[in-house]
Amino acid sequence: PTTQPFKIAVIGGDGVGPEVVAEGVKVLEKIQALDSSVAFTFEAFPWGCEYYLREGKMMADDGLEQLKAFDAIFLGAVGYPGVPDHISLWDLLLKIRKGFDQYVNLRPVKLLKGAPCPLKGVEREAVNMTVIRENSEGEYAGAGDWLFKGQPEEVVLQTGVFSRKGTERIIRHAFEVARKEGRSLTSISKANALNYSMVFWDQVFQEVAREYPEVVTYSYLVDAAAMFMVRDPGRFEVVVTSNLFGDILTDLGAAIAGGMGLAAGANLNPERKYPSMFEPIHGSAPDIAGQQKSNPLAAIWSASQMMDFFGREDWGAAILEAMEAVLQEEQALTPDLGGTATTSDVGDAVIAKLEALA
Ligand code: NAI
Ligand code: MG
């Protein structure tokens with residue numbers, strides 16, 4: 001259960017992570033100052049690659065235990081040259097996602113007013129999807145084998161794991177979201193080629209659909225879905241898909257909705273048994289780290305998702321409105337969006353707009 005003050009663990013992480021998260025925290029602090037019915041506590045954790053180089057581990061041994069008491073985790077990015085990516089990913093990010101059963105990855109693919117879109121002849125309103133990616137198993141379960149390593153008969157197996165529990169709960173969650181938003185639900189799979197996992201996925205989708213007769217449903221093969229996301233994105237409203245397909249399609253989604261500097265994602269444990277985690281979907285951007293060149297809008301959008309999750313959709317929407325105002329005015333944009341503003345200029349511009357809106 002989430003009660004006030006909302007307790008937020010801040011893991012800035014590596015590279016641009018701490019810079020962008022600082023702007024997200026600034027926005028939340030502004031909301032706290034503007035609205036006496038909202039209160040937060042923040043606690044920072046120094047985990048990440050620098051910590052690894054010092055301590056030989058990505059997070060404290062009892063890290064999950066320490067995080068358990070929080071309502072939400074606000075994460076920047078993890079990974080930096082000098083530490084292998086599979087270590088930084090598995091020992092921090094995936095440890096939290098798996099340890100806290102954050103089985104829903106919620107990624108808005110919405111073209112904000114003023115955000116650039118590379119698609120020709122597409123209305124802004126057409127790019128407005130809620131993508132729900134399975135986040136706990138599937139193709140990323142880590143199951144498989146490596147036989148006869150280094151020999152001519154070498155064979156590797158990477159097994160997709162689709163449990164009934166895991167498949168049903170993500171699909172049911174997507175139906176709940178579609179019903180709440182009053183929008184259609186599209187399932188994206190690949191049953192023609194993946195003749196066990198995706199046949200099963202489609203079957204479960206149809207089963208659960210019977211419980212939600214009021215939700216209009218569609219089913220696409222992933223290759224066709226990729227094509228339609230570019231040609232005719234307006235077809236998609238709420239989307240549910242597997243871990244791998246969701247990973248790829250949401251990067252495509254980020255590209256059509258303003259780029260990596262604008263893409264956010266929430267890792268949710270809907271039962272609220274454990275904290276949920278909010279993060280920009282970009283990485284640590286070592287090429288621009290430490291120079292105040294990173295775009296904090298993705299991290300600020302994560303803060304908006306956090307407000308939604310706390311049941312304060314009013315502030316969630318206000319943050320997006322403030323971001324749209326900043327994007328449309330073009331006064332405070334970072335270089336990835338063609339401007340010359342610093343990371344913290346953008347954060348300041350967003351809080352000024354929030355103040356004006358309140
Ligand atoms: P990346 O997302 O860090 O960077 C890709 C490109 O996008 C770079 O040119 C970067 O400058 C640009 N970019 C990213 N975020 C930006 C922002 N907020 N504003 C402006 N430009 C931005 O991906 P890359 O280079 O593949 O990975 C770098 C490191 O980050 C690796 O160690 C990787 O493992 C890690 N990573 C971590 C993720 C996470 O923590 N969730 C996700 C993706 C990568
Ligand atoms: Mg990805």
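Where a number appears in this text, it was derived from the coordinates with a stated rule and is not lab data. Everything numeric in this text was worked out from a predicted model, so none of it was measured. Heads up, the Cβs are rebuilt from the backbone with ideal geometry, glycines too, and the neighbour counts pull from every protein chain shown.
Just a few scattered comments:
- Pairs with C-alpha atoms separated by more than 18 Å, drawn from the list K57/K149; K68/K95; K180/K353; K7/K30, are K57/K149; K180/K353.
- Within the chain, the selection of entire DSSP H helices by a Cα span of 30 Å or greater along the long axis and an average Kyte-Doolittle value of at least 0.5 returns an empty list.
- Rounded to 5, percent antiparallel among DSSP beta bridges of segment 117-257: 30 percent
- Simple spin-label estimate for E207 and E355 in nanometres, 7 Å along Cα-Cβ: 5.5 nm
- Built amide H within the under 5 Å cut-off of M58, gap 5+: none
- Cβ-based net charge around L157, under 14 Å, with every Lys or Arg adding one and every Asp or Glu removing one: -3
- Proximity of backbone amide H atoms, modeled 1.01 Å from N, is registered between I281 and A263, A264, G265 at under 5 Å, excluding neighbours fewer than 5 places apart on the same chain.
- A DSSP coil position with no more than 13 other Cβ atoms inside 10 Å describes the following GluC sites (Glu not before Pro) in segment 298-351: E330.
- Cα centroids of segment 219-286 and segment 9-77: 23 Å apart.
- Packing-based exposure ordering (other Cβ within 10 Å, fewest first) of V131, V326, V161: V161, V131, V326
- Computed helical MRE - 222 nm, the chain, DSSP H runs ≥ 4 contributing -39500 (n - 2.57), nearest 500: -12000 deg cm²/dmol
- Take each peptide in 286-292, 118-124, 230-236, count the other Cβ atoms within 10 Å of every residue, and average; sorted highest first, the result is 230-236, 286-292, 118-124.
- The alpha carbon gyration tensor of segment 1-78 gives principal lengths a ≥ b ≥ c with a/c of 1.5 or higher and a/b no greater than b/c, which makes the shape oblate.
- Rg(Cα)/(2.2 N^0.38 Å) for segment 210-347, N = residue count: 1.18
- Rounded to 5, the percent of DSSP beta bridges in the chain classed as antiparallel: 45 percent
- Cα gyration tensor category, rounded, prolate or oblate, for segment 117-257 with a/c compared to 1.5: oblate
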